[in-house]
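Accompanying notes for the structure given below.
The values are calculated or read from the model by the stated rules, or taken from the named source; none is laboratory data. Being a predicted model, the structure only gives us computed values, none of them experimental. We place every Cβ from the backbone using ideal geometry, glycine too, and count neighbours over all the protein chains shown. To get the accessible areas, we keep the full protein, side chains included, count just its heavy atoms, and leave off ligands, DNA and RNA. Shrake-Rupley method; radii C 1.70, N 1.55, O 1.52, S 1.80 Å.
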Amino acid sequence: MYDYGNARLAAMLSRLLDGELLHRLAASESPAALLVQLERLDDWRTIVRDQGAFVTSPPVATELAIERHRSARLAQLPGLYPAPVRGLVEALVMPLDRDRAIEVLRRRHAGETADAVLTGVTAGALLDPARIAILARAPTASEAVRALGRFGLIGGRAAVALAAAHDRDRHWLGLEAGLRVAWEAGRRDRATAEGVPATDRDALLTILAHDRDDASAVAAELIAVG
């Protein structure tokens, strides 16, 4: 159940940037010089080149290259494992999709056009470019939330309830907080799905608990420093 995926994962890990290379990248004289170094790496070359005219400055290009690389690698992981283990892997990568979905909704809330959003937000792990486009082009935030329910990233009932609440009060912060809660519930659903080995379930639930603790600590710190 795990052997093939673990072997592929080990191969991917061997291509991660090591400490020496990270130091060289950090010593780059400018974002443009950093991009030149990244383009020389087999694992990064296509991502850097494919950005083309979609970016306007080396700093933006660097950030997008990093995010696209992260998305591309995490998106591969669920497909390496069969069900029901695949659901556990999905639960591990879903925070990236949560962040992408919230970024899309935040940008639309701030008045950005769908085209501008699609230029600045990369795909997630389970949120591929087509799904990101659906979120960006949704006529309202409520419709985008309903789409997330259809995608299975949050529960269908939770999506309907969140969308209805937002239709009533238009409270953005409440919607974002509700999405975060629903996302964690979606991750727990995958951890406890039928057929998941008990030891793996318990291990993932422990990881999810640590994630919640970390998020709470960060939220408390942000409140403390204003």
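Annotations
- Residues in the range 193-208 that are open to solvent by less than 60 Å² (accessible area, probe 1.4 Å), more than 10 Å from residue 87 (Cα to Cα) and more than 21 Å from the chain's Cα centre (by Cα): 195, 197, 198, 200, 203.
- Checking each residue of the range 160-179 against the condition of being farther than 27 Å from residue 60 by Cβ and in a loop (DSSP other than H, G, I, E, B) gives at least one match.
- Subset of the range 59-84 that is surrounded by fewer than 18 Cβ atoms within 10 Å (Cβ to Cβ) and of a type in the set (Gly, Ala, Ser) - its residue that is farthest from residue 100 (Cα to Cα): 83
- In the range 130-145, residue surrounded by the fewest Cβ atoms within 10 Å (Cβ to Cβ) [restricted to those that are in a helix (DSSP H, G or I) and either among the small types (Gly, Ala, Ser) or modelled with pLDDT under 95 (or both)]: 130
- Whenever a residue of the range 212-226 is touching a residue at least 24 places away in the same chain (Cβ under 8 Å) and within 18 Å of residue 99 (Cα to Cα), its partners that are part of a helix (DSSP H, G or I) and open to solvent by less than 90 Å² (accessible area, probe 1.4 Å), lying with C-beta atoms within less than 7 angstrom and at least six residues away or across chains, give the pairs 212/184.
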